[in-house]
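Every number here is computed from the coordinates shown, using simple stated rules; none is lab data. The shown structure was predicted, so the numbers you read here are calculated from the model rather than taken from an experiment. Neighbour counts are summed over all protein chains in view; Cβ atoms, including those assigned to glycine, are modelled from backbone coordinates with ideal geometry.
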Amino acid sequence: ILIMGPQGLREATEYAVLLTNYFAKLASGIRGFEIPYGRGRFRKHEVVVSTKPLADETGVTAEDVAKGLLDAGLYAPTMYFPLIVKEALQTEFTETETPENIERYVIRLREISEIAYKDPSQPKNWPVNTSVSRVNMVKANHPKYLAPTWRVYVKRLRGEIE
C-alpha cells in the first residue's frame, strides 16, 4: 500500500469497482439470475446476485451454482449472504482481475444456467473435478466434526478425543 501511494490506491479501488459493475451488467442477463436490489444502479466493491428464480424453476440452488464454478476451476462466491437475499451469491472482484476473467466467469454462469434448465439433476452431483466432492454441510458444521487445529484433527482420528 505504501508503494502504491494514495493515487495508486485510488486507481486500484476505482478499477475494482469498475470490474464489479462490469460483472453486474453481464450477470444481470443470465436466465434464472437476478440482481435483487438497486437494479441498474452503480455498485461499489461487491455485487449480490440472487439465484432464487433458478432455484424456483429448476431446484438448482446457489450452492449448486457455486459447486459448478468450482468444477470449472473458478472461485466460488460467498453463498447465502446477505441473509435478506434468497439464494444469494456475493461476488467481489479485486483490482488484479481482468475483464477476460470476468467474462470467463460469466460464461460459466451461463453454462450452469443452461444445464440447470436442461437437466436439473446434473448440478446436484457437482463438483466432480475437485479433490473433495460435495461436503455434507450439516455434518461438517457439527461440533463433533469441527477441528480447530491439525493436532485436534489427528487426535480425533486416533480416537484419543471426541
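With everything on Cα atoms, drop me the angle between helix 5-27 and the longest principal axis of the chain, reported from 0 to 90° to the nearest 10.
It is inclined by approximately 80 degrees.
What is the helix-to-structure angle for 62-71, meaning the angle in degrees between its Cα long axis and the longest Cα principal axis of the chain, kept from 0 to 90 and rounded to the nearest 10?
Tilt of helix 62-71: around 90 degrees.
Work out the FRET efficiency for T13 and Y145 from their Cβ-Cβ distance, taking R0 = 25 Å, and round it to the nearest 0.05.
On the way: r = 40 Å, r/R0 = 1.58.
Using R0 = 25 Å, I get an efficiency of 0.05.
How would K67, K86 line up from fewest to most surrounding beta-carbon atoms within 10 angstrom? The partial results should precede the final answer.
Details: K67 23, K86 15.
Listing K67, K86 from fewest to most nearby Cβ atoms yields K86, K67.
Set the Förster radius R0 to 30 Å, insert the Cβ-Cβ distance between V138 and T94 as r into 1/(1 + (r/R0)^6), and round the FRET efficiency to 0.05. Numbers along the way, then the final one.
Details: r = 32 Å, r/R0 = 1.07.
My answer for the efficiency is 0.40.
What's the extension gain from E160 to R104 if we count 0.36 nm per residue and subtract their Cα-Cα distance?
On the way: separation 56, 0.36 × 56 = 20.16 nm, distance 4.71 nm.
Taking 0.36 nm per residue and subtracting the Cα distance, the gain is 15.5 nm.
Would you please calculate the Kirkwood hydrodynamic radius of the chain over all C-alpha pairs and express it in Å, rounded to one decimal?
Details: mean 1/r = 0.0565 Å⁻¹.
Hydrodynamic radius (Kirkwood, Cα only) of the chain equals 17.7 Å.
Quick one: if the Förster radius is 22 Å, what FRET efficiency do K86 and Q122 give, using the C-beta to C-beta distance and rounding to 0.05? Don't skip to the end; give the middle numbers.
Values: r = 22 Å, r/R0 = 1.01.
My answer for the efficiency is 0.50.
Relative to the longest principal axis of the C-alpha atoms of the chain, give the angle of the C-alpha long axis of helix 99-118, reported between 0 and 90° and rounded to the nearest 10°.
Long axis of 99-118 versus the principal axis of the chain: about 60 degrees.
Please identify every one of the chymotrypsin sites (Phe, Trp or Tyr not before Pro) in segment 67-109 that sits in a loop by DSSP and has no more than 12 other beta carbons within 10 Å of its own beta carbon. Before the final figure, lay out each step's value.
Values: sites: Y75, Y80, F93, Y105; in loops: Y75, Y80, F93.
Loop-located and lightly packed - Y75.
Which order do L54, L83 fall in if you start with the one that has the fewest other Cβ atoms within 10 Å? Spell out each step's value before the answer.
Details: L54 26, L83 7.
In order of increasing Cβ crowding within 10 Å: L83, L54.
Tell me what the chain gives for mean residue ellipticity at 222 nm when only DSSP H runs of n ≥ 4 count, each as -39,500 (n - 2.57), the sum divided by the residue total, rounded to 500 deg cm²/dmol.
Computed mean residue ellipticity for the chain: -14000 deg cm²/dmol.
For the chain, give the magnitude of the charge dipole about the Cα centre (Cβ charges: +1 Lys/Arg, -1 Asp/Glu; no others), in debye to the nearest 20.
Numbers: 22 positive and 20 negative charges, 109 e Å.
Around 520 debye, computed over the chain.
Which of the aspartates and glutamates could be linked to K124 by a straight reach, that is with a Cα gap under 13 Å, when you skip same-chain ones fewer than 8 residues away?
E63, D64, D71
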